[in-house]
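*Asks:* Below you'll find the structure I mean.
Please treat every number below as a calculation from the coordinates, not as lab data. Only a predicted model underlies this, so the values are computations on that prediction, with no experimental measurement involved. So basically every Cβ, Gly included, is an ideal-geometry build from the backbone, and we count neighbours across all protein chains shown.
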Amino acid sequence: MTTLAAATRTRTKPIIQIQDVVKKFGDFTAVNGVSLTINQGELFSLLGGSGCGKSTLLRMIAGFEEPTSGRILIDGQDISGLAPYERPVNMMFQSYALFPHMTVEQNIAFGLKQDGLPKAEIKKRVAEMLELVELGRFAKRKPQQLSGGQRQRVALARSLAKRPKVLLLDEPLSALDKKLRERTQLELVDIQEELDVTFVMVTHDQEEAMTMSTRVAVMDAGEIIQIDNPHAMYEYPNSRFVAEFFGSVNMFEGVLDEDEADYVTIQSPEISSRIYVSHGIAARQGQTVWVAVRPEKVFIGRQAPDVTDNVDQGTVTDIVYLGGISTYMVTLDSGKVVRVTVPNITRQAQADITWEDRVWIHWNPESCVVVTQ
Amino acid sequence: MGRNRSFFLLTALGLGFAFLYVPILLLIIYSFNENRLVTVWSGFSTKWYLELFQDDNILDAAWVSLRVAVFSATIATILGTIAGMVMARFGRFRGRTMFSGMLSAPLVMPEVITGLSLLLLFVALEQAIGIPAGRGVSTITIAHSTFTMAFVAVIIQSRLAQMDESVEEAALDLGARPAKVFFAITLPIISPAIVAGWLLAFTMSLDDLVVASFTSGPASTTLPMVVFSSVRLGVSPKINALATLLVLVAALTILLAAWFMRRQEAQRDKAAAAAAAEEERF
């Protein structure tokens, strides 16, 4: 339950302040006017597809790139113009970037040696780090004599050895296989909580961001689209982009019909019934809006439900069995394909619904989100 | 393919190898010929090898060649490493294309032109500032450094291009200054390429005839120059013996390097397999 605990902790002391940062490479704008504040002790994720500027932003914090304009403050100090070796942050690289000609021990000690710490102190800290990542037995090995998971832990230990104010992680788990990745996600969160270091992580994997982070910033085309905790990001996306990027979603395009303070209705050609949403939204009547419904919030059945809104009939065109859940692809009469997930509560695979069946789908008025962009 | 290798392929293979190695094989066989005349076989003997080691002319030339090769390879390696570093790490800068063109020009420049232009330079410099005073070992060394440096630069540049740049960034990130990063991280990682570059420069200097002929002085004759001039006066079996020794040294060096690299690779594979197996257990 570590992740839930992490999500509910409140953090208020800002450690990184990014102010109006722009980064251009020639004519290409990689980061376009990003401002954000990351608080002490957070596990903050920058999430986005490739080329969205998340890695460039991280590299600007580390000092490998200089912003074209804007400022970055760490612990209140403007770090513009400081070289990477002068900044109070450390980075863990996607490729791990271990020094191949040094042993595990020497890799971890490298940063401490640069600080000119006494030998006894270096030895003590290296031992601490080895214990933290449970690699004591491998201290004398070279990186090429380690497995992928072990290398990942050496890279983590090396970047934490100097006790940085902030640890930057560039796709820290992308080189691991799925099973190991899931285990390592939780390990990383544990270590982060134990040391109370601020982690800033770049990832393209929304599940990873969701599992690990206290807050997530979704980026696209060099801009931040939404910053929120994972729960809010999933349940209250502010745009089609976030809704679609963060988990899977059914999106109905329609026109706002009735616009009241406590409910709205929407007419969409993609669904035969009216769409009824039980909360007000900030939009004008007649405006084009999109209604996002998560697949697990849609009900599926052979009998017509006793409702008149948010309901339609269709044909099951595909079933994906995933063990814990099954996903039904229902093609509505409008041609719109709706994705419905159902937990497999019994051992019998939902035998009552199968391919080519005519089914009803519906969802509750409070289950959907309306986005305007 | 299996056993059905075609007759054509086998013939092609045989002819190809014959084309490459029959001349060298003949040379080795005739170096053990007892006869004065190179082309007439009259019995097995090692007397030309004994005579070779009593010929001061050849021994002196070998010593000159060796000194020139060691010094010029060392200079070329240092300069070539710096040039390769600039090409691989400095990104785009004004004049990069010109620099890269000029760096690789000696690779394709006819040796006669390289030699002649260096000779003119040395003569002009001597008249202007008195350095270098005459031509000898030092001028050959300088000349060899200039044209072998290009080869070293290419080797270093391609090694650096393969190297993960984030390893250097990690060292910077951990607090090492750029000079420290170069000596503590980059240099050890590219050291095999540096050794390879040095060896290449060394062998190229050792067997260069043209550039050395232009830039040598009266008291500095290299081994290829001695071989060439004595062959012009009539082939002596002594030269066959010398050539056989050179082939032997070259072949041994290559075999040794190959064996060493294969052993290293095998060790690394074994270690990696062991690490993977260990992880399976956990």
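*Asks:* Given the -39500 (n - 2.57) contribution per DSSP H run of 4+ residues, what per-residue ellipticity at 222 nm results for chain B, rounded to the nearest 500 deg cm²/dmol?
*Replies:* Taking each H run of at least 4 residues, the total per residue is -26000 deg cm²/dmol.
*Asks:* I want to verify a result. In a Gaussian network model of chain B, Cα cutoff 10 Å, which of these has the top mean-square fluctuation: B:Ala88, B:Ala241, B:Ala257?
*Replies:* Of B:Ala88, B:Ala241, B:Ala257, the most mobile in the Gaussian network model is B:Ala257.
*Asks:* A further question follows. Looking only at other chains, what is the average number of their beta-carbon atoms within 10 angstrom of each beta-carbon in A:93-100?
*Replies:* Taking the mean over all residues of the peptide, I get 6.
*Asks:* Still on this model: What is region B:142-282 by shape, rounded, prolate or oblate, if you read a ≥ b ≥ c off the alpha carbon gyration tensor as root eigenvalues and call it rounded for a/c under 1.5, prolate for a/b larger than b/c, and oblate otherwise? Please report the intermediate quantities before stating the final value.
*Replies:* Details: a/c = 4.91, a/b = 1.83, b/c = 2.68.
Verdict is oblate for region B:142-282.
*Asks:* Suppose every Lys and Arg Cβ carries +1 and every Asp and Glu Cβ carries -1, with no other charges. What dipole size does region A:248-371 come out with about its Cα centre, to the nearest 20 debye?
*Replies:* Working: 9 positive and 17 negative charges, 89 e Å.
Taking the Cα centre of region A:248-371 as origin, the dipole is about 420 debye.
*Asks:* Would you work out if chain B is rounded, prolate or oblate? Take a ≥ b ≥ c from the square roots of the eigenvalues of the alpha-carbon gyration tensor; rounded if a/c is under 1.5, else prolate when a/b is larger than b/c, oblate otherwise.
*Replies:* It comes out oblate by the Cα gyration axes.
*Asks:* Along the charge dipole of region B:59-231, pointing to its positive end and built from +1/-1 on Cβ of Lys, Arg, Asp and Glu, which listed residue (B:Ser158, B:Pro192, B:Ser65) has its Cα farthest out?
*Replies:* Comparing the listed Cα positions along the dipole, B:Ser158 ranks first.
*Asks:* Can you list residues from other chains, or at least 5 along the same chain, whose modelled amide H is less than 5 Å from the amide H of A:Arg141?
*Replies:* The list, which skips near neighbours in sequence, is A:Val104, A:Glu105.
*Asks:* May I ask you to evaluate 6.51 cos²θ - 1.76 cosθ + 1.60, the Karplus curve with θ = phi - 60°, for each residue of region B:85-92 and list the ³J(HN,Hα) values in order in whole Hz, giving x for glycine and proline?
*Replies:* Couplings: 4, 4, 5, 8, 10, 7, x, 8 Hz.
*Asks:* Shifting gears a bit: Sort region A:53-156 into rounded, prolate or oblate with this rule: let a ≥ b ≥ c be the square roots of the eigenvalues of the Cα gyration tensor; rounded if a/c is under 1.5, and if a/c is not under 1.5, prolate when a/b is larger than b/c, oblate otherwise. Working shown, then result.
*Replies:* Details: a/c = 2.73, a/b = 1.70, b/c = 1.60.
The shape class here is prolate.
*Asks:* Build a GNM of chain B with springs between Cα atoms under 10 Å: which of B:Ala243, B:Ala258, B:Ala133 gets the top mean-square fluctuation?
*Replies:* Top of the fluctuation ranking is B:Ala258.
*Asks:* Sticking with this one: Which value, in debye to the nearest 20, describes the size of the charge dipole of region A:2-241 about its Cα centre when Lys and Arg Cβ atoms bear +1, Asp and Glu Cβ atoms bear -1, and nothing else is charged? Before the final figure, lay out the partial values.
*Replies:* Working: 30 positive and 30 negative charges, 188 e Å.
Taking the Cα centre of region A:2-241 as origin, the dipole is about 900 debye.
*Asks:* Quick one: dipole size for the protein assembly as shown, taken about the Cα centre, charges +1 on Lys/Arg Cβ and -1 on Asp/Glu Cβ, in debye to the nearest 20.
*Replies:* Once rounded to the nearest 20, the dipole reads 2980 debye.
*Asks:* Place the peptides B:60-69, B:228-237 in order of packing, highest mean first, counting for every residue the other Cβ atoms within 10 Å and averaging per peptide.
*Replies:* Going by the mean number of other Cβ atoms within 10 Å, highest first, we get B:60-69, B:228-237.
*Asks:* Could you please report the charge total around A:Met102, scoring K, R as +1 and D, E as -1 over all other residues with beta-carbon less than 15 angstrom from its beta-carbon? Before the final figure, lay out each step's value.
*Replies:* Numbers: positive: A:Lys113, A:Lys140, A:Arg141, A:Lys142, A:Arg151, A:Arg158, B:Lys180; negative: A:Glu105, B:Asp164, B:Glu168.
In short, +4.
*Asks:* Counting partner chain Cβ atoms within 10 Å of every residue's Cβ in B:161-172, what's the average?
*Replies:* Going residue by residue through B:161-172 and averaging, the value is 6.
*Asks:* Where a Cα-Cα gap under 30 Å defines reach, which lysines qualify for A:Lys336, not counting those fewer than 8 residues away within the same chain?
*Replies:* The reachable lysines, counting only those whose Cα sits under 30 Å from A:Lys336, are A:Lys297.
*Asks:* Order these peptides, B:52-58, A:243-249, A:27-33, by their mean beta-carbon neighbour count within 10 angstrom, highest first.
*Replies:* The peptides rank, most packed first, as A:243-249, A:27-33, B:52-58.
*Asks:* Let me ask something else about it. Could you run the Karplus curve 6.51 cos²θ - 1.76 cosθ + 1.60 with θ = phi - 60° over region B:172-179 and give me ³J(HN,Hα) per residue in whole Hz, x for Gly and Pro?
*Replies:* Residue by residue, region B:172-179 yields 4, 4, 7, x, 7, 6, x, 5 Hz.
*Asks:* Where both partners of a DSSP beta bridge lie in chain A, what percent of those bridges are antiparallel, to the nearest 5? Can you show the working numbers first?
*Replies:* Working: 58 of 76 bridges.
Restricted to chain A, the bridges split so that about 75 percent are antiparallel.
*Asks:* Between region A:356-372 and region A:171-248, what is the C-alpha centre distance in whole Å?
*Replies:* 27 Å
*Asks:* So what is the relative contact order of region A:278-342, in percent, for Cα pairs below 8 Å that sit 6 or more residues apart?
*Replies:* Relative CO of region A:278-342 lands at 28 percent.
*Asks:* If you average the sequence gap of Cα pairs under 8 Å that are 6 or more apart and divide by the length of chain B, what percent do you get for the contact order?
*Replies:* Rounded, it is 30 percent for chain B.
*Asks:* Which of the lysines could be linked to A:Lys142 by a straight reach, that is with a Cα gap under 16 Å, when you skip same-chain ones fewer than 8 residues away?
*Replies:* Partners found: B:Lys270.
*Asks:* Turning to a different aspect of this structure: Let me confirm one metric for peptide A:159-167, namely the mean number of other chain beta-carbon atoms within 10 Å of its residues' beta-carbons.
*Replies:* Shielding by partners across A:159-167 averages 1.
*Asks:* Picking from A:Val249, A:Val264, A:Phe138, whose Cα lies most toward the positive end of the charge dipole for the protein assembly as shown (charges on Cβ: Lys, Arg +1; Asp, Glu -1)?
*Replies:* Positive-most Cα among the choices belongs to A:Phe138.
*Asks:* Using a cut-off of 29 Å between alpha-carbon atoms, which lysines can reach A:Lys13, once sequence neighbours fewer than 8 places away in the same chain are excluded?
*Replies:* Within reach: A:Lys23, A:Lys54, A:Lys162, A:Lys165.
*Asks:* Take B:Phe99 and B:Val112, extend 7 Å from each Cα along the Cα→Cβ direction, and tell me the distance between the two endpoints in nm.
*Replies:* 3.4 nm
*Asks:* Let me ask something else about it. Could you let me know the centre-to-centre spacing of region B:206-255 and region A:5-84, using Cα atoms, in angstrom?
*Replies:* 64 Å
*Asks:* Of B:Gly217, B:Thr146, B:Ser230, whose Cα points farthest to the positive end of the dipole of region B:59-231 (charges on the beta-carbon: +1 Lys, Arg; -1 Asp, Glu; origin at the Cα centre)?
*Replies:* Positive-most Cα among the choices belongs to B:Thr146.
*Asks:* Here's something else I'd like to know. Compute the projected area of the convex hull of the Cα atoms of region A:262-345, averaged over all viewing directions, and report it in nm² to one decimal place.
*Replies:* 6.6 nm²
*Asks:* Okay, next question. What's the ranking of A:144-150, B:176-182 by average number of surrounding C-beta atoms within 10 Å, highest first?
*Replies:* A:144-150, B:176-182
*Asks:* Which of these, B:Phe44, B:Phe17, B:Phe93, has the largest mean-square fluctuation under a Gaussian network model of chain B (Cα springs below 10 Å)?
*Replies:* Most flexible of the set in this elastic network: B:Phe17.
*Asks:* Taking θ = phi - 60°, what integer Hz values does the Karplus form 6.51 cos²θ - 1.76 cosθ + 1.60 yield along region B:151-162, in sequence order, with x for Gly and Pro?
*Replies:* 3J(HN,Hα) across region B:151-162, in whole Hz: 5, 4, 4, 5, 4, 5, 4, 6, 5, 5, 5, 6.
*Asks:* Sticking with this one: Which whole-number percent is the relative contact order of chain A (Cα, under 8 Å, 6+ apart)? Numbers along the way, then the final one.
*Replies:* Values: 779 pairs, mean separation 57.2, N = 373.
Reported relative contact order: 15 percent.
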